[in-house]
Amino acid sequence: MLEKAMNFSDLVEVKGNDKAFLTTKTRPEFEKINHSGHISLVDLFCGAGGITLGILEAAASLGKKVNVELAVDIDEKALNVYIDNFPAANAIHSDVLSIFESDISSP
């Protein structure tokens, strides 16, 4: 069974070249990509940037640039990794609740 799973994983790759991307030693310079149009992104609870990375990759495949208008996380170590990965992002070390002026509640 394990052998089948290993063989299956060798065959699975999402459209594009994800394996090469995920194993690269250098950070892609997303901010230097010249695309038509852009997407504004706010990443609350951003951590090290997994969601931002996914959005950047998806946008790049559509010929769009992403401007990270705001990224917030309370975990300073994770946020430092985020800043290393996305130096052009407006990243803030804070509790997300402290950046809103009023209580957040259900509609």
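What follows draws every value from the coordinates through simple rules; no lab data is involved. Remember, it's a predicted structure, so these values are computed and weren't measured experimentally. Here Cβ is always computed from backbone atoms with ideal geometry, including for glycine, and neighbour counts include all displayed protein chains.
See the values below:
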{"quantity": "Cut-off 9 Å between beta-carbons: net charge of the residues surrounding Ile39, Lys and Arg +1, Asp and Glu -1", "calculated": "+2"}
{"quantity": "When segment 38-100 is reduced to its Cα atoms, the Kirkwood hydrodynamic radius in Å", "calculated": "11.6 Å"}
{"quantity": "Neighbourhood net charge (13 Å Cβ-Cβ; Lys/Arg +1, Asp/Glu -1) for Tyr82", "calculated": "-3"}
